[in-house]
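Here's the structure, in structure tokens; my notes come after.
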Amino acid sequence: MLSAVQIAADIAAGRIAPEHFIKEAYKAYAELEPQVQAFVEADFETARIASLTASGPLRGLPFAAKDNFDTTDFSTACGSSIYQGHRPTQDAASVTLARNAGANLVGKTTLAEFALFKASATRNPHDLTRTPGGSSSGSAAAVAAGMAAFALGTQTAGSVIRPAAFCGVAAYKPSYDLLPMSGVKLLAPSLDTVGLFAATVSDLTFVASTILGRSPIGEVDPRALRLGICSGWQGAVASSGCIEALGSVTTSMKLAGAHVARLELPDILQQAHQLHEAIMGYEAVRALAEEREFHGSKLSDRLAAFLDENAAQSDENYGASLAVAVAAREAVAELFSAFDAIITPSAPGEAPIGLESTGSSEFNRLWTLLHLPVVNVSGMKGAEGLPLGIQVVGAHGDDDRILPIAASVERVILNSY
């Protein structure tokens, strides 16, 4: 994988020309893309030429954007034939922020249809018979395969953290609305969140802080951390291998001096977990009203059925679900008075065999609903030799702190495995 931190350091020091890493990404693309199929569209040569005159801390970094982000130099189809060939007139705000920092867009990555159910053709770089996860399938796979130093994705349930876990890369779902959604196709506006993929948490921190113009607090001493370890809850059940890996991380963090305690989620959080889909469904009916009304025959059967089912949901039911979500956000804020971070599995286990499904978001949707910042930390493997991820969850708005905390956990994992 390509390290954003190392690339930036090499270019800043004049050791390597900015175009070098665009060429390296293209080599990986030429070799692996026919099998992995991470991209809808790519143009490495234009990115290489742009890197020669680019300026900024991210100059020379090849990056990719999920194909629900508007881009002026690539079409934006959102994983649907409805928008085939659609060329936006301006970039999504997050794409603009990355470009303004000097990064070079090499292409658009695959996604499930409208970031929901129907999987793309993308394969997991670690095992081509398995899903890379979704809906940000191509973004995770592109970073894992070395075709991009970082990539943009979106999460409405588990579409950033889960594919990162399956593909063995780091990922960051910020606090809700921290990265701008302007210019991104909406699915469920109260849930949709722009996220990032990179090789390591350090790379994520560098890219995110540069794009946002923020300064994380720096390295965190594990001995100063109070960690709540949660292996699952009602509706979120991890495999035995995942539980074992989480236990190993717990032991390693204890040995590093962290204060670790088992955490059982309060009932209101478990109730909120069950209501995520109802909220998403109600909002998706409205966000995709145009497509459903005028292009319904081009929707997949599963998406059409999901929208039909949720079209019958009452305003009162939606309002009641939102009220539970608000109460759950208040309850989780209290938890963070006792913990600096909560650690759980990122997914139930290793990437499942097959490409028809992108896997389960059961370990992700609650944190998305609660608007919390989440970081996937990779570095572990399961019984079948494939990546496993754990997610480090922080308090709402505590993004500048949760990234260094996740980096501390990552260092402990890498020293233990």
Checklist entry - Counting only complete DSSP H runs, which helices of the chain cover 18 Å or more along their long axis at the Cα atoms and score a mean Kyte-Doolittle of -0.5 or above? => result 240-255, 267-287, 315-335, 399-416
Checklist entry - So how much slack lies between SER75 and ASP177, counting 0.36 nm per residue of separation and subtracting their Cα-Cα distance, in nm? => result 34.3 nm
Checklist outcome for this item: In the chain, taking the dipole from +1 charges on Lys and Arg beta carbons and -1 charges on Asp and Glu beta carbons about the Cα centre, the listed residue (SER135, SER51, ALA351) farthest towards the positive end is SER51
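Let a ≥ b ≥ c be the square roots of the eigenvalues of the Cα gyration tensor of region 70-169; is it rounded (a/c under 1.5), or, if not, prolate (a/b larger than b/c) or oblate?
oblate
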Item to check | Where a label projected 7 Å from the Cα of ARG87 along Cα→Cβ would reach, residues of region 37-64 with amide N under 18 Å | outcome: 40-47
Item to check | Exposure proxy ranking, count of Cβ atoms within 10 Å, fewest first, for ILE413, ILE402, ILE353 | outcome: ILE353, ILE413, ILE402
Checklist entry - If amide H atoms are built 1.01 Å from N in the plane of the peptide, which residues on other chains or at least 5 residues away come under 5 Å of the amide H of PHE39? => result THR110
Checklist outcome for this item: The distance between the Cα centres of region 310-374 and region 135-190, in whole Å, is 16 Å
Checklist entry - Based on Cβ point charges of +1 for Lys and Arg and -1 for Asp and Glu, what charge dipole magnitude is obtained for region 218-319 about its Cα centre, in debye rounded to the nearest 20? => result 620 debye
Next on the checklist: Relative contact order for the chain: what percent, with Cα pairs under 8 Å and sequence separation of 6 or more?
Outcome noted: 19 percent
Item to check | All lysines inside 17 Å of LYS118 as judged from Cα atoms, apart from same-chain residues fewer than 8 positions distant | outcome: LYS66, LYS185, LYS298
Next on the checklist: Taking 0.36 nm per residue of sequence separation and subtracting the Cα-Cα distance, how much length would be gained by fully extending the chain between SER248 and ALA320, in nm to one decimal?
Outcome noted: 21.9 nm
Checklist outcome for this item: Within region 4-212, the percent of DSSP beta bridges that are antiparallel, given to the nearest 5, stands at 65 percent
Checklist outcome for this item: Counting only residues 5 or more apart in sequence or on a different chain, those whose built amide H sits under 5 Å from that of VAL260 are LEU227
Item to check | Of the GluC sites (Glu not before Pro) in region 221-283, those whose Cβ has at most 14 other Cβ within 10 Å and which sit in DSSP loop | outcome: GLU264
Checklist entry - Farthest toward the dipole's positive end in the chain, which of HIS396, ASN310, THR156, given Cβ charges of +1 (Lys, Arg) and -1 (Asp, Glu) about the Cα centre? => result HIS396
Checklist entry - Picking from GLY296, THR250, PRO189, whose Cα lies most toward the positive end of the charge dipole for the chain (charges on Cβ: Lys, Arg +1; Asp, Glu -1)? => result THR250
Checklist entry - What percent antiparallel are the DSSP beta bridges of the chain, to the nearest 5? => result 65 percent
Checklist entry - Taking the Cα centre of the chain as origin and charging only Cβ (+1 Lys, Arg; -1 Asp, Glu), how large is the dipole, in debye to the nearest 20? => result 860 debye
Checklist entry - Which value, in debye to the nearest 20, describes the size of the charge dipole of region 4-212 about its Cα centre when Lys and Arg Cβ atoms bear +1, Asp and Glu Cβ atoms bear -1, and nothing else is charged? => result 200 debye
Checklist outcome for this item: Summing -39500 (n - 2.57) over every DSSP H run of at least 4 residues in the chain and dividing by its residue count gives a helix-only mean residue ellipticity at 222 nm, to the nearest 500 deg cm²/dmol, of -12500 deg cm²/dmol
Checklist outcome for this item: The answer for LYS381, listing residues at least 5 apart or on another chain whose modeled amide H is closer than 5 Å to its amide H, is LEU388
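Just so you know, all these numbers are worked out from the coordinates, no wet-lab data involved. Values in this document were obtained by computation on a predicted structure and should not be read as measured data. Virtual Cβ from ideal backbone geometry, glycine too; neighbours counted across all protein chains shown.
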